[in-house]
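Worksheet for the structure shown next.
The values are calculated or read from the model by the stated rules, or taken from the named source; none is laboratory data. As the structure is a prediction and not an experimental result, all values here were calculated from the model. Note that each Cβ is placed from the backbone with ideal geometry, even for glycine, and that neighbours are counted across all protein chains shown.
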């Protein structure tokens, strides 16, 4: 059911420095931006083979603490079957929702509290089209 690792989400205290490090130093390509009320809020980095790093701006160092990795995300091919399977094993999983990036998503949490997002891409997903993801949260 799980197809592979989709993305890891990290916080950034300085989006420009973070983009410079991952793009210039490591050679990743920026796939698309997250825009909130016309302001850059984060971006997606393309690692190749459908693997990404999702970066969001962090304003409060106390709030972020050592929690710079917000969650991991795994790509799946059938979100409905996944949800049914997880629930049949008496584990909590959210209902599926269409994300702002036009990908289906649901969430589970591991026993240590690590949040795991499950993604099923659509033909309109920003990860496939490169279209910016306009959000109203954050």
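Any idea which of 23, 9 is more than 16 Å from the chain's Cα centre (by Cα), closer than 20 Å to residue 132 by Cα and surrounded by 13 or more Cβ atoms within 10 Å (Cβ to Cβ)?
23
So, of the residues in region 101-121 that are surrounded by 15 or more Cβ atoms within 10 Å (Cβ to Cβ) and either under 11 Å from the mean Cα position of the chain (by Cα) or part of a loop (DSSP other than H, G, I, E, B) (or both), which turns out to be modelled with the lowest pLDDT? For region 101-121, the residue satisfying everything is 118. Taken over region 21-41, the residue count meeting the criterion of being at pLDDT 90 or above and on the phi < 0 side of the Ramachandran plot is 12.
Looking across region 62-96, just one residue is surrounded by fewer than 16 Cβ atoms within 10 Å (Cβ to Cβ), within 28 Å of residue 35 (Cβ to Cβ), at pLDDT 90 or above and touching a strand residue (DSSP E or B) at 6+ places or on another chain (Cβ under 6 Å), and that is 94.
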